[in-house]
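The values are calculated or read from the model by the stated rules, or taken from the named source; none is laboratory data. Note that the structure is predicted; figures quoted are calculated from it, not measured. Virtual Cβ from ideal backbone geometry, glycine too; neighbours counted across all protein chains shown.
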Amino acid sequence: MLDERKTAILRAVVQEYITTAQPVGSTHIANAPGVRVSSATVRNEMAVLEQEGYLAQPHTSAGRIPTDKGYRFFVDHMAQPGRLDTQATQQVGAFFETAHGRLEELLHQTTNLLAQVSHHAAVVVGPRAEIAVVRSVQVVGLVGRHVTVVAVLSNGVVENQPVELAGEISEVRLAAVTAHLQAHMVGRALDSGVRIPPTGDRELDAVCTAAAGALEGSVADEHVFVQGAATMAHAFDAVDTVRSVLRALEQQYVMVTLVRDVLDRGLSVAIGAEHGVEPLAACSVVVKPVFVDGEQVGTVGVLGPTRMDYPQALATVEVVSDRLGRHLSDGGSASG
């Protein structure tokens, strides 16, 4: 554990580097709040912090910059919980008060919102249908041979899938289809391979099979959205770093695995190489699960350079995660 003076110096270096992205010199730190010692003393302490792996000196004549270990100490021991400013809080509140429509559109817009408020790349992994069970199911006639099958799930998500039938069917017959599906699908997960027993009526059985198949096919869809890649492109000077970061952001599997692995390890912040995704070694990720009725149904996160403002990033994902979870709890979106 660092003593009080080294802690104050490390905090000052981290905060200054987050603000300026320039190596921090001893003269500047000597005048920082909580330090108040001579430049020579600061230089000595910074040399010790460098030896212990908390700081690095990119050039011989330059000041110091924090290492991943330095950021980790800052996050774990020194960072006070951040708070969204009034404008950002109002922006988030206004968004969720007016948000409606399909789940995909909600998640896409939530990702945009998170990127705008955090000024980092944002990732939102939406509810996975396979972890929820069916609360109700209904087949609704549209025009001609077209119907829509709608399932309300226990995580608040509404799956709706279009189905084209072999021929037109009456509302009375559709009601019979709905009743049969309700009897055999409610309380079951969509990916559980629910077999709908035959009714003995060829037309009804064909519609039931088509409707159930359409819903089961929907669980393969992974709701993953990433926004703010352009922001990341401006966060790094090295072209190779920018390329590797942008490539990783384009790969949905990489992003889903990243946020899940961080949460599985009990972390809300993974700094630099800690998250194990080599192309993103120059980045940190801040994540928060989304809960509906006590059940985790998704994740929101921001990805930025390791010099990101961690307290602010934590506050942002906290607020957006909470509001998204409450919105889904209220049944605010449909999927399909």
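The residues in the stretch 45-89 that are part of a loop (DSSP other than H, G, I, E, B), of a type in the set (Gly, Ala, Ser) and at pLDDT 95 or above can be counted, and the count is 1. Filtering Val139, Val150 for residues that are farther than 27 Å from Val285 by Cβ, touching a Cys at 6+ places or on another chain (Cβ under 9 Å) and crowded, with 19+ Cβ neighbours inside 10 Å leaves a single hit, Val139. Contact annotation: residue pairs with Cβ atoms under 7 Å, 6 or more positions apart or on different chains, pairing a residue in the stretch 3-25 that is under 22 Å from His59 (Cα atoms) with a partner that is of a type in the set (Phe, Trp, Tyr) and not in a strand (DSSP E or B), are Leu10/Tyr54; Leu10/Phe73; Leu10/Phe74; Arg11/Phe74; Val14/Tyr71; Val14/Phe74; Val24/Tyr17. The number of residues in the stretch 45-55 that are surrounded by 21 or more Cβ atoms within 10 Å (Cβ to Cβ) and either β-branched (Val, Ile, Thr) or under 14 Å from Ile29 (Cα atoms) (or both) comes to 4. The residues on offer are Ala315, Ala248, Ala214, and the sole one that is touching a helix residue (DSSP H, G or I) at 6+ places or on another chain (Cβ under 6 Å) and either within 19 Å of Val75 (Cα to Cα) or touching a residue at least 12 places away in the same chain (Cβ under 8 Å) (or both) is Ala248. So is Gly82 in contact with a helix residue (DSSP H, G or I) (Cβ under 8 Å, 6 or more places away or on another chain) and either β-branched (Val, Ile, Thr) or surrounded by 14 or more Cβ atoms within 10 Å (Cβ to Cβ) (or both) or not? Against the criterion (in contact with a helix residue (DSSP H, G or I) (Cβ under 8 Å, 6 or more places away or on another chain) and either β-branched (Val, Ile, Thr) or surrounded by 14 or more Cβ atoms within 10 Å (Cβ to Cβ) (or both)), Gly82 qualifies.
Restricting Val92, Val14 to those that are in the same structural domain as Val320 (by TED's automatic domain parsing), touching a helix residue (DSSP H, G or I) at 6+ places or on another chain (Cβ under 7 Å) and not in a loop (DSSP other than H, G, I, E, B) reduces the list to Val92.
For every residue, the table says whether it meets (1) charged (D, E, K, R); (2) surrounded by fewer than 18 Cβ atoms within 10 Å (Cβ to Cβ); (3) free of Cβ contacts under 8 Å to residues at least 40 places away in the same chain.
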site	(1), (2), (3)
Glu159	yes, no, no
Pro162	no, yes, no
Ser170	no, yes, yes
Val177	no, no, yes
His180	no, no, yes
Ala183	no, yes, yes
Arg195	yes, yes, yes
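Per the conditions (1) modelled with pLDDT of 85 or more; (2) part of a helix (DSSP H, G or I); (3) within 27 Å of the chain's Cα centre (by Cα), the sole criterion not satisfied by Val177 is (3). Counting the residues of the stretch 26-40 that are in contact (Cβ under 8 Å) with a residue 12 or more places away in the chain and among the polar types (S, T, N, Q) gives 3. Looking across the stretch 17-44, the residues that are surrounded by 15 or more Cβ atoms within 10 Å (Cβ to Cβ) and part of a loop (DSSP other than H, G, I, E, B) come down to Pro23, Gly25, Ala32, Val35, Val37.
Taking the criterion of being closer than 24 Å to Leu314 by Cβ, acidic (Asp, Glu), outside the structural domain of His180 (by TED's automatic domain parsing) and touching a residue at least 60 places away in the same chain (Cβ under 8 Å), would at least one residue in the stretch 265-274 satisfy it? So far as the stretch 265-274 goes, yes, one or more of its residues are closer than 24 Å to Leu314 by Cβ, acidic (Asp, Glu), outside the structural domain of His180 (by TED's automatic domain parsing) and touching a residue at least 60 places away in the same chain (Cβ under 8 Å). Within the option set Pro66, Pro58, being in contact with a strand residue (DSSP E or B) (Cβ under 7 Å, 6 or more places away or on another chain), crowded, with 19+ Cβ neighbours inside 10 Å, in contact (Cβ under 8 Å) with a residue 24 or more places away in the chain and not hydrophobic (A, V, I, L, M, F, W, C) holds for one residue only, Pro66.
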